[in-house]
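Coordinate-derived values only; no laboratory data. Treat the numbers as computed from the prediction; the structure is a model and nothing was measured. A quick note on method: Cβ atoms are made from the backbone with ideal geometry, for glycine too, and the neighbour counts reach across all protein chains shown.
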Amino acid sequence: DEDARKAEASILIGCGEDPGISNIMVRYVSDRLDEVDSVLIRDGDRDLKPPQRITFKFSVKTMMNEWTRNAVIFRDGRYEEVPPLSGIEEFEFPEPVGRVKVCFSLHSELATIPRYIGKGLRYVDFKINYDFDMIDILKKFGFFSDQHITIDNLEISIKDLTTHILRRCMFDPSRDTIDDAACIFTKIIGKKDGRDIIYSMYALSTSKKEWNTPASSYLTGVPASIAAQMMVKEEIKFYGVKPPETCIPTEKFLENLSRKNIIIGERIEKKW
C-alpha cells in the first residue's frame, strides 16, 4: 500500500461478486446504521435447467482449497478457524435461487470487512452452496488426500491429481449451454436510533444467453468493469491498495449494477 501511494498508483482489489458486491452492500448498509453487530454473507447458485454434463463455473483449484482448508470467521475481535464445509444450514435466497444448503467457506471478505467497517462490529461469516453429494463422494474415496503417488515416474499429490481431472469439467461456452441464477446476499444486524435492526441486501442475476455466460460469471465481471470505468472517470479516486468498501461510492455503484440488469433488493426488519 505504501509503495503504491508513493507511486501514485491506484490498486483496487477484490471487486467481483464476492468479494466485491458483497463488500459494497455491507458498506452501504453499515453507513445507514448507528451500530453494527454482525455481518452474514451468503452466496447461492442454482441451475434452472439441468446441465448436459457436470460442469464447474469457477476455478477448480480455488474450490478445492475451499473444500479442504479451514474456513475463517470473525468473532469478538478475533479470527477463528472452523472446519471446511462445516456450519451447513438451509438459507432462503430470492427466487429463482430459492432455498439451498450453504456452509462456511474460506473467503476474502473476512480479510477486510472486520478491519474497515467499525461501529462495534463483533461477528462476520461467509457461507456458500456447493454440490455436497459430489464433494462427499470425492472425500469418501480419498480424492482430497495430500498423499503423494507416482504415475509414469511423475510424483503428484492425490489432491492435485483430482484438481487436474476436475478441470476437464470446467464450463466451456464453446460447447456447453447454461441456464442458471446466482445471488449474493448480505444480512447486517445492528442498531438505528436505539432500535435493533436486521437490514438485508442482495444482488441477483440470471445467466446471459447472448454471451452464454453463467450468472456467477456475470456477477463477477460486471462490477470489475463498472469500477474500472468509475476510476477512469475519477468517480473513484485514491492512491494505494484498497478494497471496495473503503473507496467506492456505494449508491452510484449500485445504480450502475442495476443498469446492467442486476437486481438489487433491500429488506429492513425492525425490533422493538
Quick one: in the stretch 1-51, which of the residues that are among the acidic types (Asp, Glu) and under 25 Å from Asn256 (Cα atoms) is farthest from the chain's Cα centre (by Cα)? Asp31
Could you give me the residue pairs with C-beta distances under 7 Å whose first residue belongs to the stretch 138-156 and is surrounded by 14 or more Cβ atoms within 10 Å (Cβ to Cβ), whose second residue is in a helix (DSSP H, G or I) and of a type in the set (Phe, Trp, Tyr) wherever it lies, and which are 6+ apart or on separate chains? Phe144/Trp67
Unique match (being touching an Asp or Glu at 6+ places or on another chain (Cβ under 7 Å), in a helix (DSSP H, G or I) and free of Cβ contacts under 8 Å to residues at least 24 places away in the same chain) among Lys159, Lys252: Lys252
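For (1) in contact with a Ser or Thr (Cβ under 9 Å, 6 or more places away or on another chain); (2) in a strand (DSSP E or B), each residue gets a yes or a no:
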residue	(1), (2)
Asp45	yes, yes
Lys49	yes, no
Met64	yes, no
Phe74	no, yes
Leu85	yes, no
If I ask for residues that are touching a Phe, Trp or Tyr at 6+ places or on another chain (Cβ under 8 Å) and of a type in the set (Lys, Arg), which ones from the stretch 1-26 would you list? Arg5
Here are the criteria: (1) under 23 Å from Pro114 (Cα atoms); (2) out of contact with any Ser or Thr (no Cβ under 8 Å at 6 or more places or on another chain); (3) surrounded by 14 or more Cβ atoms within 10 Å (Cβ to Cβ). Tell me which single one Met230 does not satisfy. (1)
Every residue in the stretch 60-95 that is without any contact (Cβ under 8 Å) to a residue 24 or more places away in the chain, within 18 Å of Pro114 (Cα to Cα) and either under 16 Å from the mean Cα position of the chain (by Cα) or surrounded by 12 or more Cβ atoms within 10 Å (Cβ to Cβ) (or both), please. Glu80, Glu81, Val82
What are the residues in the stretch 180-211 that are under 25 Å from Ile262 (Cβ atoms) and surrounded by fewer than 15 Cβ atoms within 10 Å (Cβ to Cβ), if any? Lys209, Glu210, Trp211
